[in-house]
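For reference, the structure is listed below as C-alpha cells.
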Amino acid sequence: MGNSKSGRLFADESQYEYVAPGLNDSRSPCPALNALANHGYLPRDGRNITPEMLQLALQKKMGLSWLAARTIIKQAYKTVGKNGLLSLSDLSFHSSESIEHDGSLSRLDATLSNNQQGKFNQERFNKFLSFSKDGKFLTTEDVAAARIYFKADSHANNPQCLWNQSIEKAMWTEAAILLHILGKHGRISIEDAKLFFEKETFPHGWQKHPSFGVRELYSATKALKNAAHEIDHRTEQSE
C-alpha cells in the first residue's frame, strides 16, 4: 500500500504548476525547497511541513535517495521545527549547526544582511554567475571557484562569521546537490540557474536525474573539492 501510494504521488503534473509566493507565504534560504513549495510539492504557504512531506518531495521530485534525503532532513530539524513541524522561514535561523550559513552563493551573511537574513540577494547571485568562464554555463570548476571566493569573503569581511567543520561540509554538499539538480553533462546553464535562483522554479522541460544517493553525493563532493584544490594550487604558483 505504501509503495503504491508513493508511486502515484506527483503523477499528475498539472496540479503542480508554478505559483509565485504571496506576501504571507513562508520561504527558506534554500531555492530548492522554495521551488518545491512554489510548485505545490510542499505546502504552498511553506508552513506546517512534516519530515515525511519533505522526505517524499526530496525523493520523488528532486531524485535524492532515501538516505541522502534523510540526512538533509535530520539537519533541517536539528535546530528548528516545533512538534515535528516547520515553516520554511524557520530555516533562516542562524547558528553554527543550522542549514542557513555564511558564505552562501545567493544570500548575504546573516549579520551583514540588514534584516534580510536568508533572502535572495541579486548582487551576490550575479557575482556567483560571474564565475562562469564562457558566460553560458557553470562548470564544476566554476562552482568550486565561487565557493572558495564566498568563503574567503565571509572570513575577510564578516567579523562575526560563523564557520566550523559542519558548515564546511555543508558548503560542498549543497554545491554537489545543486550540480545534480540542475546539471547536464557536469555543467549548469546560466539560464537554468537564473530560473532556479531568481524565480525559484524548475527550468523548462526539467526532469529529475536517476536517484542521487550517498555514494553519488560523495563522488560529486569529491570532484568539487578536487577542483578547489587545483584552483588553490594554480593560485599559489602564480603568486
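If you go through segment 150-171 and pick out every residue that is touching a residue at least 60 places away in the same chain (Cβ under 8 Å) and surrounded by fewer than 17 Cβ atoms within 10 Å (Cβ to Cβ), you end up with 3.
Answer yes or no: is there a residue in segment 129-136 that is of a type in the set (Asp, Glu) and in contact with a Ser or Thr (Cβ under 7 Å, 6 or more places away or on another chain). No, every residue in segment 129-136 fails to be of a type in the set (Asp, Glu) and in contact with a Ser or Thr (Cβ under 7 Å, 6 or more places away or on another chain). The listed residues are Gly103, Gly135, and the only one of them that is buried (at least 22 other Cβ atoms within 10 Å of the Cβ), at positive phi and not charged (D, E, K, R) turns out to be Gly103. Checked against (1) under 19 Å from Phe125 (Cβ atoms); (2) without any contact (Cβ under 8 Å) to a residue 40 or more places away in the chain, Ile188 meets all criteria but (2).
Keeping to segment 67-89, report how many residues are charged (D, E, K, R) and touching a residue at least 12 places away in the same chain (Cβ under 8 Å). Give the derivation first.
Taking segment 67-89 first, the residues charged (D, E, K, R) are 70, 74, 78, 82.
Subsequent filtering for residues that are touching a residue at least 12 places away in the same chain (Cβ under 8 Å) retains 70, 78.
The number of residues fulfilling the criteria is 2.
Give segment 63-93 a look and list any residue that's in a helix (DSSP H, G or I) and hydroxyl-bearing (Ser, Thr, Tyr), or say none. Thr71, Tyr77, Thr79, Ser89, Ser92 - these are the residues of segment 63-93 that are in a helix (DSSP H, G or I) and hydroxyl-bearing (Ser, Thr, Tyr). Just one of the listed residues (Tyr149, Tyr41) is assigned to a loop (DSSP other than H, G, I, E, B) and either under 30 Å from His185 (Cβ atoms) or in contact with a Leu (Cβ under 7 Å, 6 or more places away or on another chain) (or both), and it is Tyr41. In the set (1) closer than 19 Å to Leu64 by Cα; (2) at pLDDT 95 or above, the condition left unmet by Val214 is number (2). Within segment 56-74, the residues that satisfy the criterion of being crowded, with 17+ Cβ neighbours inside 10 Å and of a type in the set (S, T, N, Q) are Gln59, Ser65.
The values are calculated or read from the model by the stated rules, or taken from the named source; none is laboratory data. These numbers were taken from a predicted model, which means no experiment stands behind them. Please note: Cβ atoms are built from the backbone with ideal geometry, for glycine as well, and neighbour counts cover all protein chains shown.
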